[in-house]
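Before any comments, here is the structure.
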């Protein structure tokens, strides 16, 4: 039996649902949709930075948030974030909702909600999603970004910019 396509809610500029479409169509047509990102810190204040798998359809092999993913059709941001954290990293940790960025080219056409958590539990990375992951001092992440911005996904760059402006970590 063929696998059903991954479905997303298509939303307007105010994040109101206006329809649904398969992932491939949403990405091909740059339709506005929803995503979540999670910054995972350890007790030393280091950020878990991950490099996306070469198999990813957008930004393959780019560095990005500790965990991130799309909000599925009919799902809420608050349901998607812990699901993505568990699917990508095998982690279960309380999440704090930090901000919401509007959809646009710099966020890959995604209304994006950022969450944060702190845990010293060792992540168990999904190899289909993540090529590599490691905790890194926050200032080192900023240095790497300044040296090679194209190695980081555009949504992650925007979230780091917001997080740094708010005084994080």
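Return yes when residue 51 is touching a residue at least 12 places away in the same chain (Cβ under 8 Å), in a strand (DSSP E or B), closer than 25 Å to residue 148 by Cα and within 15 Å of the chain's Cα centre (by Cα) and no when it is not. Judged against the criteria, residue 51 is a match. Going by the structure shown, is residue 91 buried (at least 20 other Cβ atoms within 10 Å of the Cβ), farther than 19 Å from residue 155 by Cα and modelled with pLDDT of 95 or more? Yes.
Exactly one residue out of 81, 108 is surrounded by 13 or more Cβ atoms within 10 Å (Cβ to Cβ) and on the phi > 0 side of the Ramachandran plot: that is 108.
The single condition from (1) within 13 Å of the chain's Cα centre (by Cα); (2) more than 21 Å from residue 13 (Cβ to Cβ); (3) not in a helix (DSSP H, G or I) that residue 88 fails is (3). Filtered by the rule that a residue be within 18 Å of residue 80 (Cα to Cα), outside any strand (DSSP E or B) and more than 19 Å from the chain's Cα centre (by Cα), segment 1-31 gives 5, 16.
Quickly run through segment 2-17 and pick out the residues that are touching a strand residue (DSSP E or B) at 6+ places or on another chain (Cβ under 8 Å) and exposed (fewer than 12 other Cβ atoms within 10 Å of the Cβ). 5, the sole residue that qualifies. The lone criterion from (1) assigned to a strand (DSSP E or B); (2) touching a strand residue (DSSP E or B) at 6+ places or on another chain (Cβ under 6 Å) left unmet by residue 69 is number (2). Screening segment 115-125 for residues that are crowded, with 17+ Cβ neighbours inside 10 Å and touching a helix residue (DSSP H, G or I) at 6+ places or on another chain (Cβ under 7 Å) and picking the one that is nearest to residue 43 (Cα to Cα) gives 123.
Quick one: which residue in 143, 151 is surrounded by fewer than 18 Cβ atoms within 10 Å (Cβ to Cβ) and without any contact (Cβ under 8 Å) to a residue 40 or more places away in the chain?
Values: 151 fails: without any contact (Cβ under 8 Å) to a residue 40 or more places away in the chain.
Exactly one residue qualifies, and that residue is 143.
Each residue in segment 126-167 was checked for being assigned to a helix (DSSP H, G or I), out of contact with any helix residue (DSSP H, G or I) (no Cβ under 8 Å at 6 or more places or on another chain) and under 25 Å from residue 83 (Cβ atoms), and 4 pass.
Checking each residue in segment 115-140 for being out of contact with any strand residue (DSSP E or B) (no Cβ under 9 Å at 6 or more places or on another chain) and in contact (Cβ under 8 Å) with a residue 40 or more places away in the chain picks out 120, 127, 128.
The single condition among (1) under 20 Å from the mean Cα position of the chain (by Cα); (2) in a strand (DSSP E or B); (3) over 13 Å from residue 109 (Cα atoms) that residue 36 does not meet is (3).
The values are calculated or read from the model by the stated rules, or taken from the named source; none is laboratory data. Remember, predicted model here, so these are calculated numbers, not experimental data. Counting neighbours? That spans all protein chains shown, and the Cβs are built from the backbone with ideal geometry, glycine included.
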